[in-house]
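S.K.: So that we are looking at the same thing, I have put the structure below in structure tokens.
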Amino acid sequence: MKSEILKIYNERYGIPRQDLADAGESNRIVGNIISSSLFLLGIVDFIAIVLTHHSDLQNQLTYLVYFGIFMIPGIFTFLYSKCIKNVPNEKSYILKTIPVYIIIYMSLFISVYNFYILGKPFNGVVIYFMTSFISLCVFSFSPVIFLFGIVIAIGVMTPGIYAQFQLSGLADSILATFLMFCLALYKRRIEKKHILLLKKQKHSLEAKTFGNFTLLYENKVIKFSRTKSNELIAYLVYKNGSSVNTKELIAVLWGDQANSSKHGSNLRNLIVDIKHTLSKMEILNFFIAEYNNFRINPSVINCDYYDFLSGDKNAMDSFAGEFMSQFSWAEETAGFLEQKAIRKI
């Protein structure tokens, strides 16, 4: 019976981890922002407590611990997210989603802490539901692991909810928790359908990097309105799904000494050009802009460079010593690929 349920679950909601590499990078970026915000919130409130109650800190210990809960996991997840920026696609989703679970479980613990330790049951319930719904909106995660966290949190708070809000309040909380789990399953189902759609697109979208860089869709060269749009996409293809910030892109496209304020508008024009061109061709989820970070989704494109890195013999045989030849920043990589090809002979 258990194996049958697991089989049905995997058929409807299971997604191979390598197909979730792009979702893992999104988790990493959003988690970065949320964890740094939580750390700043914790440290500001911590300092405020110390300054306003410096003569009575012993009685404020529960609040100091409360804000410490924000600070310590917040800085840990932020630093951890920075360290795992460049990891292989097959490990990307697992490693980059760990901070997500830390943030979710930490916030659920904070809701329980508010409810019982600080004696603020209403705040505890509000934080519980806010954490759950915001997590559903911004993160990609396993519905089962999410269910485990929310069930523990609501289970611990059940006696308090019943005491404070009576049977109707408890019933509403349980019903809302059940609906959140159903929503997590629905979101996962939609995510799986979207990934299957993108896999079909992969057969039509191709990046040729050996020799000059060329981007093709349905065997036709994609032509952007601006020359440097092609170079921007080429650099993101070279980065193999890793996020690149504005400063790095400006340095690559206009040189290390490029003025960020002057070339910032030029970069924005390139972004608009790329989005417009790809949208017109109905190319989905390939070029991704998130919070001043830019990347491509390598799982939706065929690329000789990616095949080479994975050890594909045909890709290695087709490499003739040239890699994105029209771009000076690619020369070092061409040498690396040549050495790797020689070692395979």
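S.K.: Spelling out what I want: for every residue of the stretch 170-179, take phi, set θ = phi - 60°, compute 6.51 cos²θ - 1.76 cosθ + 1.60 (Karplus), and round to whole Hz; glycine and proline get x.
M.R.: Once θ is set to phi - 60°, the couplings for the stretch 170-179 become 5, 4, 4, 5, 5, 4, 5, 5, 4, 5 Hz.
S.K.: Any chance you could check the Cα centroid distance between the stretch 169-220 and the stretch 115-147 for me, in angstrom?
M.R.: The stretch 169-220 and the stretch 115-147 have Cα centres separated by 24 Å.
S.K.: Same structure, new question: Between K199 and F122, what's the calculated FRET efficiency when r is the beta-carbon distance and R0 is 45 Å? Round to 0.05.
M.R.: Working: r = 46 Å, r/R0 = 1.03.
E(calc), rounded to 0.05, equals 0.45.
S.K.: Run a plain Debye calculation on the stretch 172-248 (Cα atoms as equal point scatterers, no solvent) and give log10 I(q)/I(0) at q = 0.11, 0.12, 0.17, 0.27 Å⁻¹, rounded to two decimals, same order as the q list.
M.R.: Relative scattering, expressed as log10 I(q)/I(0), comes to -0.51, -0.57, -0.82, -1.22.
S.K.: If amide H atoms are built 1.01 Å from N in the plane of the peptide, which residues on other chains or at least 5 residues away come under 5 Å of the amide H of N302?
M.R.: Result for N302 returns L205, E206, A207.
S.K.: Using a probe of 1.4 angstrom, how much of the accessible area of the chain is carbon and sulfur, in percent?
M.R.: 60
S.K.: Let me ask something else. Counting every Cα pair in the stretch 241-345, what percent are over 19 Å apart? Please list the in-between numbers first.
M.R.: Working: 3139 of 5460 pairs.
Beyond 19 Å sits 57 percent of the P(r) for the stretch 241-345.
S.K.: I would also like to ask the following. 7 Å from Cα along Cα→Cβ at both N59 and F165: what's the point-to-point distance in nm?
M.R.: A separation of 3.1 nm, rounded to one decimal place.
S.K.: Using the basic label-point model (7 angstrom from Cα toward the beta carbon), what is the Y186 to I342 distance in nanometres?
M.R.: With each label placed 7 Å out from Cα toward Cβ, I get 5.9 nm.
S.K.: Would you tell me the accessible area of L95, worked out with a 1.4 angstrom probe on the heavy atoms of the protein chains, in Å² to the nearest 10?
M.R.: Taking all protein chains as shown, L95 has close to 50 Å².
S.K.: Show the residues, 5+ positions off or on another chain, whose built amide H is closer than 5 Å to the amide H of E322.
M.R.: Correct list: G211.
S.K.: Per residue, how much accessible surface does the stretch 162-229 expose to a 1.4 Å probe? Answer in Å², no decimals. Intermediate values should be presented prior to the final figure.
M.R.: Working: 4350 Å² over 68 residues.
Here the residues of the stretch 162-229 average 64 Å² of exposed surface.
S.K.: Normalised by the residues of the chain, what does the relative contact order come to in percent, with Cα pairs under 8 Å and at least six apart? Present the calculation step by step, with values, prior to reporting the outcome.
M.R.: Values: 396 pairs, mean separation 55.4, N = 345.
Relative contact order comes out at 16 percent.
S.K.: Once phi is turned into ³J(HN,Hα) by the Karplus curve 6.51 cos²θ - 1.76 cosθ + 1.60 with θ = phi - 60°, what whole-Hz value does each residue of the stretch 104-121 show in order, with x for glycine and proline?
M.R.: Values, residue by residue: 5, 5, 4, 5, 5, 5, 4, 5, 5, 4, 4, 5, 9, 6, 7, x, 10, x Hz.
S.K.: Next up: To the nearest 20 debye, what charge dipole does the stretch 209-345 have about its Cα centre, counting +1 at the Cβ of each Lys and Arg and -1 at the Cβ of each Asp and Glu? Intermediate results must be reported in sequence, preceding the final value.
M.R.: Working: 15 positive and 15 negative charges, 79 e Å.
It comes to approximately 380 debye.
S.K.: What number, rounded to the nearest 500 deg cm²/dmol, is the helix-based mean residue ellipticity at 222 nm of the chain, given -39500 (n - 2.57) per DSSP H run of at least four residues and division by all its residues? Please list the in-between numbers first.
M.R.: On the way: 12 runs with 241 residues, N = 345.
My calculation for the chain gives -24000 deg cm²/dmol from helical runs alone.
S.K.: I'd like to compare 205-213, 217-225: which one has the highest average count of other Cβ atoms within 10 Å, and what's the full order after that?
M.R.: Values: 205-213: 19.8, 217-225: 12.8.
So the order, starting with the most tightly packed, is 205-213, 217-225.
S.K.: Sticking with the crude label model, points 7 Å out along Cα→Cβ, report the distance from I145 to T246 in nm, one decimal please.
M.R.: 3.2
S.K.: Here's something else I'd like to know. Starting from the Cα-Cα distance between K220 and K313, subtract it from 0.36 nm times their residue separation and give me the gain in nm to one decimal. Before the final figure, lay out the partial values.
M.R.: Numbers: separation 93, 0.36 × 93 = 33.48 nm, distance 2.56 nm.
Difference between extended and current length: 30.9 nm.
S.K.: Greater than 19 Å separation of Cα atoms is the criterion. Which listed pairs, K82/K247; K192/K220; K82/K187; K208/K228, meet it? The partial results should precede the final answer.
M.R.: On the way: K82/K247 16 Å; K192/K220 28 Å; K82/K187 27 Å; K208/K228 17 Å.
Where the Cα-Cα span goes over 19 Å, the pairs concerned are K192/K220; K82/K187.
S.K.: Go through the stretch 222-234 residue by residue and turn each phi into a ³J(HN,Hα) via Karplus (6.51, -1.76, 1.60, θ = phi - 60°); whole Hz please, and just put x for glycine and proline.
M.R.: The phi angles translate into 7, 10, 8, 6, 10, 4, 6, 4, 5, 5, 4, 5, 4 Hz.
S.K.: Another question, if that's okay. Note down the relative contact order for the stretch 96-162 as a percent, whole number, built from C-alpha pairs under 8 angstrom at least six residues apart. Don't jump to the answer; show the numbers that get you there.
M.R.: On the way: 49 pairs, mean separation 26.1, N = 67.
Once divided by the residue count of the stretch 96-162, the mean separation gives 39 percent.
S.K.: Full extension from N259 to I174: what is 0.36 nm times the residue separation minus their Cα-Cα distance, to one decimal in nm?
M.R.: That works out to 25.1 nm of additional length.
S.K.: Per-residue accessible area for R12 at 1.4 Å probe radius, Å² rounded to 10?
M.R.: About 100 Å², rounded to the nearest 10.
S.K.: When the chain is fully extended, how far beyond the present Cα-Cα distance does E11 get from S37, taking 0.36 nm per residue of separation? Display every interim value, and only then the final one.
M.R.: Details: separation 26, 0.36 × 26 = 9.36 nm, distance 3.73 nm.
Result for the pair: 5.6 nm of gain on full extension.
S.K.: Per residue, how many Å² of accessible area does the stretch 232-284 show with a 1.4 Å probe? Intermediate results must be reported in sequence, preceding the final value.
M.R.: Values: 2660 Å² over 53 residues.
For the stretch 232-284, the solvent-accessible area averages 50 Å² per residue.
S.K.: Is the stretch 1-133 best put as rounded, prolate or oblate by its Cα gyration tensor, with a ≥ b ≥ c the root eigenvalues, rounded for a/c under 1.5, and otherwise prolate when a/b is larger than b/c, oblate when not?
M.R.: Numbers: a/c = 3.67, a/b = 1.74, b/c = 2.11.
The shape class here is oblate.
The values are calculated or read from the model by the stated rules, or taken from the named source; none is laboratory data. Predicted, not measured: the structure shown is a model, and the values here were computed from it. Backbone-built Cβ (ideal geometry, glycine too); neighbour counts: all protein chains shown. Just so you know, the surface numbers come from the protein's heavy atoms only, side chains and all, with ligands and any DNA or RNA stripped out. Shrake-Rupley method; radii C 1.70, N 1.55, O 1.52, S 1.80 Å.
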